[in-house]
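The block underneath contains the structure these notes are about, expressed in structure tokens.
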Amino acid sequence: MSLVKVLLLEGDGIGPEVVTEAVKVLSLLSNHTDLRFELERADFGGLSIENHGKPLLDSVSKLALESDAVLLGAVGGPQWDGLSLECRPERGLLELRSDLEVFANLRPAKFFESLATASPLREELSKEADFIIVRELIGGIYFGHPQSVQIDNGVRRGVSTMVYDEQEIRRIGAVAFEIAQSRKKRLVSVDKANVLDVQRLWREVMNELSRDYPDVELEHYYVDNCAMQLVTNPSQFDVLVTGNMFGDILSDTAAALTGSLGMLPSASVGEKTGIFEPVHGSAPDIAGQEKANPIAAILSLGMLLEHSANRGDLGNLLTRAVDDVLAAGYRTLDISTGSRREKLVGTSEM
Ligand code: IPM
Ligand code: MG
């Protein structure tokens, strides 16, 4: 029997509802496998701001480091939008990522056959799409210095800095090359090397690294072209690697292609505890109404099992279960097309 310590950070909006459903799957797994889960919960994001005055307490970060994995819901909501960046719920997420040094964010975009009509793309375009975005998560413009808004001669001036050193590029590149080796051996690196110096370095280092992976074919796409290719020909992609901000943007596009943002899981990994969270946000407009789609959270649990419990088989099992449930016609609002063959269900029934 092996014990997995999971810290639940449910967060805000629909976060608690979708994590609750993933936890039901966890209990099922404890009953039917040799895995046992020790669960802890802590306040995070907006809830932590309300209860403790900041989005991430040091004690919670410490708890996360002592756990095998963090299962996270979502953070943010309109009631905290007026706060300064330093105090917002999102800051808690960035600090947690940084404290746990999860530099690699893996966002698989998998097309589910039965959701073909839920995708905004024509079926023949979205049908074969099955790729993974490897996003650098603790560097780039999200963390670069200087960053501020200052007043110069009575004029407000905002500065953010995109910075990567070659070591940061090499370590995320290595993760992507290895994933590519385990898949179709094709890697697309996404940059803006035609304009930005930091991105020229990105491309240079990716090229150097590719010599260590002669079996992987490396291609470079500019980010604007990549955004276009994702919606015109998504099936060409297998593994993409990119920096923090481009990865943030492209992964929402990727999620929408597969039918709904409510379907996409993610894993954020490094040398320490990994964080597993749905790609979707806190969706405050539908929170507490039994409308949220729990599939992304459940698939994130699948990634947790693969990466933190070494049970990729159980991760695959969850993916197949999701496939079956969709094939049987069950749909939450976000993936429903209104067809008569579908059964519209709420969060917990799904
Ligand atoms: C994501 C989110 C976060 C990000 C926000 C909530 C800080 O959009 O995980 O994609 O920008 O990384
Ligand atoms: Mg995002």
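Within the stretch 297-327, restricting attention to residues that are over 19 Å from residue 44 (Cα atoms) and small (Gly, Ala, Ser), the residue that is most open to solvent (accessible area, probe 1.4 Å) is 327.
Picking from residues in the stretch 118-160 that are without any contact (Cβ under 8 Å) to a residue 12 or more places away in the chain, farther than 29 Å from residue 254 by Cα and part of a loop (DSSP other than H, G, I, E, B), the one that is most open to solvent (accessible area, probe 1.4 Å) is 153. Residues that are open to solvent by less than 10 Å² (accessible area, probe 1.4 Å) and within 16 Å of ligand 2 (Cβ to nearest atom) within the stretch 227-249 comprise 230, 240, 242, 243, 244, 247, listed in sequence order.
Tell me, yes or no, whether the stretch 259-273 has at least one residue that is β-branched (Val, Ile, Thr), within 13 Å of ligand 1 (Cβ to nearest atom), open to solvent by less than 30 Å² (accessible area, probe 1.4 Å) and in contact with an Asp or Glu (Cβ under 9 Å, 6 or more places away or on another chain). Looking for residues that are β-branched (Val, Ile, Thr), within 13 Å of ligand 1 (Cβ to nearest atom), open to solvent by less than 30 Å² (accessible area, probe 1.4 Å) and in contact with an Asp or Glu (Cβ under 9 Å, 6 or more places away or on another chain), one finds none in the stretch 259-273, hence no. Within the stretch 279-307, residues that are closer than 15 Å to residue 263 by Cβ and more than 16 Å from ligand 2 (Cβ to nearest atom) have Cβ atoms under 6 Å from residues that are at pLDDT 95 or above and in a loop (DSSP other than H, G, I, E, B) in these pairs: 292/14; 292/347; 293/332; 294/347; 294/350, counting only partners at least 6 apart in sequence or on another chain. Where strands (runs of 3 or more DSSP E) sit wholly within the stretch 1-112, those with at least 1 residues that are open to solvent by 30 Å² or more (accessible area, probe 1.4 Å) occupy 2-11, 35-41, 104-110.
The values are calculated or read from the model by the stated rules, or taken from the named source; none is laboratory data. Owing to the predicted nature of the structure, the values given are computational and were not obtained by experimental measurement. Glycine gets a Cβ as well: all are built from the backbone with ideal geometry, and neighbour counts include every protein chain shown. Accessible surface areas use protein heavy atoms only, side chains included; no ligands, DNA or RNA. Shrake-Rupley method; radii C 1.70, N 1.55, O 1.52, S 1.80 Å.
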